[in-house]
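Have a look at the structure below before the remarks.
The values are calculated or read from the model by the stated rules, or taken from the named source; none is laboratory data. Predicted, not measured: the structure shown is a model, and the values here were computed from it. All Cβ positions, glycine included, derive from the backbone under ideal geometry; neighbour counts span all protein chains shown. Areas reflect the complete protein model, heavy atoms only, side chains present, ligands, DNA and RNA absent. Shrake-Rupley method; radii C 1.70, N 1.55, O 1.52, S 1.80 Å.
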Amino acid sequence: MSNLGLILVPVDYSACADDALRLAGGFARAFQARLLVLHLLPWRVEGFLQSPPLDWIATEKPRLAEHVRAVLERGATPPVFEIAVEWGSPHADLVPFAIDRKADMIVMGTHGRTGITHVLLGSVAEKTVRLAPCPVVTVREGAAADRALDRLAAEPPHRLDVRPGEVDHLVVRTPVTVTPTDLLSTAHDRMVEHRIRHLGVVEGDRLVGILSDRDIVAHLGHLQHTRVNAAMTPNPTTIAPDVAIETAARLMIEQGVRALPVVDGERIVGVLSATDILEEYVRAARRAA
């Protein structure tokens, strides 16, 4: 039996937000979950400190409802949804909204900005993944959402039990991976792009190793000429999604590692790092306060 009751989807009318909305619709249909679509209106309009129109929320709601209905009707029967339009900033107000509405999952688009754009604007998706009290699925514009929807349609899951206290609660099920024959320069670029320190190494769907930023540092100056299989740790210790977080932390200490691949069978579904565990305990302390 699924405990996925409410799926929150923030939208800004961008293409990647629309892809996230379609994927959230697929989850809602698969698990008979409720869909809540949120649009946050900025206090600042076009960079100027000026008062927004008082009736902006009233006029925005029908526009949002029409847009959501049009997106969800693309190729499938739309699930039941509700909308919310509020003043606020996605960077500051999305996570508090999710906590207030007791969301069981957040599905959101990400533009995947890197470099100076990322430094200046920050990453709403990245901050949400770190601070949200529930699982977060991030979706990039393009074919990823279509593949996920096809998979949901072909193999409808029987349940989605993601409970706080288990490893699966911390894992974003879109793991970033490389293959053994990829160059270390490619692996380095992916770590920088996704702001992560570990990559699963796969052959097809099968996990064959793990690569860390420390492994890459050992080959600086030769990244363009060195394959991942020359630097990775083969056959790493792995954990299942339903392992308790405390057990995973103890295993990291015993093994002297900073991350553990999370696998379902032989297929990698994420990587759990020591930082993920530390941030979870910080969130737990904040919720208990």
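Structure data summary
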| item | result |
| --- | --- |
| Subset of segment 251-275 (residues that are open to solvent by 60 Å² or more (accessible area, probe 1.4 Å) and either outside any loop (DSSP other than H, G, I, E, B) or touching a Leu at 6+ places or on another chain (Cβ under 7 Å) (or both)) | I253, E254, Q255, D264, E266, R267, T275 |
| Conditions (1) in a helix (DSSP H, G or I); (2) open to solvent by 30 Å² or more (accessible area, probe 1.4 Å); (3) within 20 Å of R130 (Cα to Cα); number of the one not met by I196 | (1) |
| Test: L220 is surrounded by fewer than 16 Cβ atoms within 10 Å (Cβ to Cβ) and farther than 29 Å from K127 by Cβ | yes |
| Tally of residues being without any contact (Cβ under 8 Å) to a residue 40 or more places away in the chain and either of a type in the set (A, V, I, L, M) or within 16 Å of G270 (Cα to Cα) (or both) across segment 187-205 | 6 |
| Single unsatisfied condition, D242 versus (1) open to solvent by 80 Å² or more (accessible area, probe 1.4 Å); (2) closer than 20 Å to A274 by Cα; (3) not in a loop (DSSP other than H, G, I, E, B) | (3) |
| Matching residues in segment 54-86 - criterion: being part of a loop (DSSP other than H, G, I, E, B) and either small (G, A, S) or open to solvent by less than 70 Å² (accessible area, probe 1.4 Å) (or both) | G75, A76, P78, P79 |
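Condition check ((1) under 22 Å from T138 (Cα atoms); (2) open to solvent by 80 Å² or more (accessible area, probe 1.4 Å); (3) among the basic types (K, R)) across all residues:
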| site | (1), (2), (3) |
| --- | --- |
| T186 | yes, no, no |
| Q224 | no, yes, no |
| A249 | no, no, no |
| I277 | yes, no, no |
